[in-house]
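Since the structure comes first, as structure tokens, the remarks are kept for the end.
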Amino acid sequence: MFDFHFPQGKATLLQVESRVLWMLSLWCVVSCAMAQGDVNLNQGVNAELMDAVAFIPLTEMLANKANDIAYWHDAEEGETYVLAGCDNGTAFYRMLPGGRPVYMGKLPTQSVSSLWRDIKVVKDHAYIVSEAPVHGMQVIDLAAFRNWHPLDGPVVWQADTVVSAPSTAHNLIAFEQANLIIQVGSTFGGGGAVVFDVSVPGAPQLLGASSEWGAFHDGHALIYEGLDAEHQGKSLLFAAGSGKLWILDISDPTDISLVSSATYPNAHFAHQVWVSDSQDHAFLGDELDETSEGLPTRTVVFDLSDLDAPSVVEVYEAETMASDHNQYTHGEWLFQSNYKAGLRMLSDAWPQFPVLTERGHFDPLESINGAGFQGAWSHVVMEEEGLIAFTSIDQGLWVVRPRFARLDNVSITGCQAQTIPDPNLWSMSLVLEEGWAYPVTAEIEGVFLVEGEVGSWTLEEPGSTLLYFAAWGLPGVQPQLRLTSQRSTWSLNVLTSDALWPAHYADEDGDGFGNPNMPVWGCGDVPGTSTLPLDCQDWNANTYPTAPELCDGWNNDCDNEVDEGTQQLAWYLDADGDGFGSTVVAPINSCTPLNQRVLVYGDCNDYEATMYPGGEILPDGMDNNCDGIIADEELNPCMGDFDMDGGRTINDMLHLLASFGCQFGCTASMNNVDGVGAEDLLSWLSVFGLACE
């Protein structure tokens, strides 16, 4: 919002600090307002070292339950997309700057609704299975997302391909290195591994299946590069099932072989296994040990140095009693979705013991504890965004930011353009929590350093470290601090809402107002930016503070109200999809089209698609054109055979009785009058049992 201009020349740290107080009084006008949404989201949750960024409730997902989740980062265009599983399909979201998801629409379930749906992404295609009957495997080309714009609004997406068999499956395993998708818990091979080649994504080819070792529930496939020289270079599947860890060689999917299996204490239902990034150990969760024996949340750690004899080296017991569900690593960090305990963040200290230590969590069900199947289902770690998204079964979609690394007290002096000899002075505190695989290297990116200035630092232990350097900012660029540990990488945005800096924000729609979630460097007039971070939808030029409210379905004036004060249209329920709305159900006023709603009303029967004003005349005994009478041409040649099965049976009587008293739009009339009464009942009884001629 403000450009701060300081005298030219280098300033000392003391001079930087002296300016902080008066700058804060101005800056809080913007930064406090920008942070308000996050504060509200974090109320009523149990969280440590994790902050909520966004929340999408089930009502906005147009679903009753949420389940699996996947994501796709489009490296070509730099966009990130979240694919959130629902009971009735898969909801798609584009991640806006700052981690706010915008709803793109839904790929409907291929058959009927089901709580169980699983989604995996291989390169630029998504594969989706479900336990819904005759669902098959949906395949959708995610490159189509590039053609979608938020102004298009939510759309109904269609699968590019559907593999009909197996008809159902519980889970998918993505093996991107080998262009394979593996189904488990399907109707093939007794629920074992069913391997598809997806080198041609639109035409998956079944290669082979395993049945000898029973059903698998989930797994992790990889090209093995670990310590066991005997198996290096092989394609291996680590699977959970039948109370065991299984290791299969799937290098030849037509001839899958067993490498080994291993048990663990108090086994009930081996749910999921994930191999560490270093491939020398693995984590397994048992979904039913908590409910069966009252055990705390457990994670079994296996030593994989000898794949022919994997062994249990630790059974980590958490302080929670929640049932565990899905877990995935990010270098030395292990993130777990543990139902009623929410999303948990643990550090992986392998080969040191204990291996696992909890470092943070985000539990939106603060008042609900214990074992059972409610709460966090699964999650994705979006390194490109510095965020984690997870689904909560009865809540919806959460986006959170881990605070295992963060920048505090960011301050940048002056507003020096690169043409000015004296650069800006940058000062910030990097805070690293315990759990990182030290040493950690921090490197500044997106700035032009003064010749001879050091822009990287090595941190040997957790704590707060002051980073100070001289550099010019690059106009329109968001500087980042790149962290590289011994096992992972992570990025932090330098220009946060509470940083003291020459404030510019990306103005992608050119309406003069910037996106508060996309701060960029700027001195003076920088094309494509604004100093007013007040745009609530930076992809819509008709949306900004003080904009006139239009009847377009958007919050044009950024006041959290949509279409207020506009002349809205009446939308009528069209349950049968014939293009005419019901005269019985009250309309809903809206500026934009609504699902199963139309602008034209007058349907005499909104449950019969063949009955509507001007409808085609059919010999079915119904008032097809809704003119109030049943013309001779509309009479059923076999009066009383309402289900048209060739006879007047008890089913027809039940149909008539269900329609008794109907006055218009009736489906059980016995004469030219569009109504059902005693005369129709007596007429029908006279032909009861007679077959049609």
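The values are calculated or read from the model by the stated rules, or taken from the named source; none is laboratory data. Just so we're clear, the structure is a prediction, and the values are computed from it rather than from any experiment. Note that we place each Cβ from the backbone using ideal geometry, even for glycine, and neighbour counts take in every protein chain shown.
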Need at least 1 residues that are of a type outside the set (Phe, Trp, Tyr) and either in contact with a helix residue (DSSP H, G or I) (Cβ under 7 Å, 6 or more places away or on another chain) or closer than 26 Å to residue 167 by Cα (or both) per element, so show me which strands (runs of 3 or more DSSP E) inside segment 46-112 make the cut, counting only ones lying wholly within it. 50-57, 66-74, 79-86, 89-96, 100-108
Just for segment 418-428: of the residues that are surrounded by fewer than 16 Cβ atoms within 10 Å (Cβ to Cβ) and either touching a residue at least 12 places away in the same chain (Cβ under 8 Å) or of a type outside the set (Ser, Thr, Tyr) (or both), which one is nearest to residue 276 (Cα to Cα)? 418
Checked segment 365-380 for anything surrounded by 19 or more Cβ atoms within 10 Å (Cβ to Cβ) and in contact with a strand residue (DSSP E or B) (Cβ under 6 Å, 6 or more places away or on another chain); matches are 375, 376, 377, 378, 379, 380
Please determine whether any residue of segment 260-279 is touching a strand residue (DSSP E or B) at 6+ places or on another chain (Cβ under 6 Å), aliphatic (A, V, I, L, M) and assigned to a loop (DSSP other than H, G, I, E, B). no
If I filter segment 101-120 for residues that are crowded, with 22+ Cβ neighbours inside 10 Å, of a type in the set (Val, Ile, Thr), farther than 25 Å from residue 374 by Cα and touching an Asp or Glu at 6+ places or on another chain (Cβ under 9 Å), do I get at least one hit? no
Starting from segment 392-411, keep only residues that are within 22 Å of residue 101 (Cβ to Cβ), then list their pairs with residues that are of a type in the set (Lys, Arg) and at pLDDT 95 or above whose Cβ atoms are within a distance under 6 Å, requiring at least 6 positions of separation or different chains. 393/65
Residue pairs qualifying under the 7 Å Cβ cut-off, at least six apart or on distinct chains, with the first in segment 108-126 being over 14 Å from residue 91 (Cα atoms) and the second being among the β-branched types (Val, Ile, Thr) and outside any loop (DSSP other than H, G, I, E, B), are 122/181; 125/139; 125/140
Search segment 601-651 for residues being without any contact (Cβ under 8 Å) to a residue 12 or more places away in the chain and assigned to a helix (DSSP H, G or I), and hand back the single one that is farthest from residue 569 (Cα to Cα). 650
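Here's the yes/no breakdown for (1) crowded, with 22+ Cβ neighbours inside 10 Å; (2) free of Cβ contacts under 8 Å to residues at least 40 places away in the same chain; (3) touching a strand residue (DSSP E or B) at 6+ places or on another chain (Cβ under 8 Å):
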residue	(1), (2), (3)
317	no, yes, yes
322	yes, no, yes
330	no, no, yes
333	yes, no, yes
338	yes, no, yes
342	yes, no, yes
355	no, no, yes
359	no, no, yes
Enumeration of residues in segment 341-381 that are of a type in the set (Val, Ile, Thr) and either closer than 24 Å to residue 68 by Cβ or part of a loop (DSSP other than H, G, I, E, B) (or both): 355, 368, 380, 381
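I need the full set of residues from segment 132-163 which are in a strand (DSSP E or B) and either among the polar types (S, T, N, Q) or under 13 Å from residue 110 (Cα atoms) (or both), in order please. Even if it seems obvious, please write down each step before you answer.
The first filter runs over segment 132-163 and keeps only residues in a strand (DSSP E or B), leaving 137-141, 155-156, 161-163.
Answer for segment 132-163, where residues must be in a strand (DSSP E or B) and either among the polar types (S, T, N, Q) or under 13 Å from residue 110 (Cα atoms) (or both): 137, 138, 139, 140, 156, 161, 162, 163.
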Considering 98, 136, which residue is surrounded by 21 or more Cβ atoms within 10 Å (Cβ to Cβ) and free of Cβ contacts under 8 Å to residues at least 40 places away in the same chain? 136
Please count how many residues of segment 582-600 are within 18 Å of residue 610 (Cα to Cα), of a type in the set (Ser, Thr, Tyr) and in a loop (DSSP other than H, G, I, E, B). 1
For segment 444-500, give me the residue count where each residue is exposed (fewer than 14 other Cβ atoms within 10 Å of the Cβ) and within 24 Å of residue 348 (Cα to Cα). 7
Say whether the condition of being part of a loop (DSSP other than H, G, I, E, B) and modelled with pLDDT under 95 is met by at least one residue in segment 456-472. no
Long-range neighbours under 8 Å by Cβ, at least six apart or interchain, first residue closer than 20 Å to residue 263 by Cα within segment 204-217, second hydroxyl-bearing (Ser, Thr, Tyr) and assigned to a loop (DSSP other than H, G, I, E, B): 213/242; 214/242; 215/242
Applying the selection to segment 634-679, what residues are among the aromatic types (Phe, Trp, Tyr) and in contact with a helix residue (DSSP H, G or I) (Cβ under 6 Å, 6 or more places away or on another chain)? 642
